[in-house]
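Written below as structure tokens is the structure these notes are about.
No value in this document is a laboratory result; all are computed from the given coordinates. Source: prediction; values computed, not measured. Neighbour counts are summed over all protein chains in view; Cβ atoms, including those assigned to glycine, are modelled from backbone coordinates with ideal geometry.
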Amino acid sequence: MTTPNPESSAIVIGATGGVGAALAEALEMSRAHETVYRFGRSASGADHLDFEDEASIVAAAERVRAGAAPTLILIATGVLHSGQEPERTYKAMTAEHLLRDYRINTIGPALVMKHFAPLMPRDRRATFAALSARVGSIGDNRLGGWHSYRASKAALNMLLRNLALELGRSHPQAVVAGLHPGTVDTGLSRPFQKGVAEGKLFAPAYSAERLLAVLDGLTPADSGGVFAWDGARIPE
């Protein structure tokens, strides 16, 4: 049996969701880390972390600071619909919808970067990753639509690139990456599963397994990129 590294912890933010819970479970089963922190908006007590409440992000970071240094930080949450369907045309855009998606998909992860990235060790490999989406790629956009979601994920990708450049100066072994999990059978994708090709709707456990394998294969030279569940780099 693998002995956990007493000098390493892993963090999953969004661990109450389908992919986040599967990632946390896979990390706990691997026993590669002394502690696996499970943070989420619907979690209670010390596990509570709300992207729209910076104080809760600070509190979570302080809890981690008291233990082993985080060598893996995963942001596994976001919003796509939740009361507001993705816009099929620019005529459907509203400030409310745009701001909601930016708060959850962009600003929340940015605040996690601000408070959690300084906890990463400088003397060894450490990884910071966030679930992004293929539709956040500007170069890969052939259909348009889904304006708020696309734009907020594109902005997230830019923040990840910025973090990679900055950490590269102080943390030479760090890896920062966006991850596209594919279409996973969760509440986020359920209204949009009708047109998914056979074999392309993934169980959360399979998606988690693939994403962790992708991260294991990345090097500092890959830092700042966005990668799909199969390891392919997604155009910027």
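Per-peptide packing, taken as the mean over residues of other Cβ atoms within 10 Å, places 141-147, 117-123, 7-13 in the sequence 7-13, 117-123, 141-147 from highest down. Here is the P(r) of region 14-144: all C-alpha pair distances, binned every 10 Å from 0, give 11, 39, 31, 15, 4, 0 in whole percents. Length available on full extension from ALA92 to ALA59: 0.36 nm per residue minus the Cα-Cα distance, which gives 8.1 nm. Converting the Cα gyration tensor eigenvalues of region 118-159 into ellipsoid dimensions via √(5λ) gives semi-axes, longest first, of 29, 10, 7 Å. Rounded to two decimals, the Cα radius of gyration of the chain over 2.2 N^0.38 Å is 0.97.
Below 15 angstrom from the Cβ of ALA66, what's the summed charge of the other residues (Lys, Arg +1; Asp, Glu -1)? Summing Lys/Arg as +1 and Asp/Glu as -1 gives -2. Close amide H partners of LEU179, meaning residues 5 or more places away or on another chain with modelled amide H under 5 Å apart, are ALA130, LEU131, SER132, PHE227. Cβ crowding within 10 Å, taken as a proxy for footprinting-reagent exposure, orders ILE234, ILE75 from fewest neighbours to most as ILE234, ILE75.
As a rough footprinting exposure proxy, the listed residues PHE202, PHE128, PHE39 were ranked by other beta carbons within 10 Å of their own, and the order from fewest upward is PHE202, PHE128, PHE39. Which net charge results for the neighbourhood of LEU212, defined as the other residues with beta-carbon distances under 13 angstrom from its beta-carbon, given Lys and Arg at +1 and Asp and Glu at -1? The answer is -3.
Only Cα pairs under 8 Å and 6+ residues apart enter the sum, and on that basis the relative contact order of region 5-228 stands at 20 percent.
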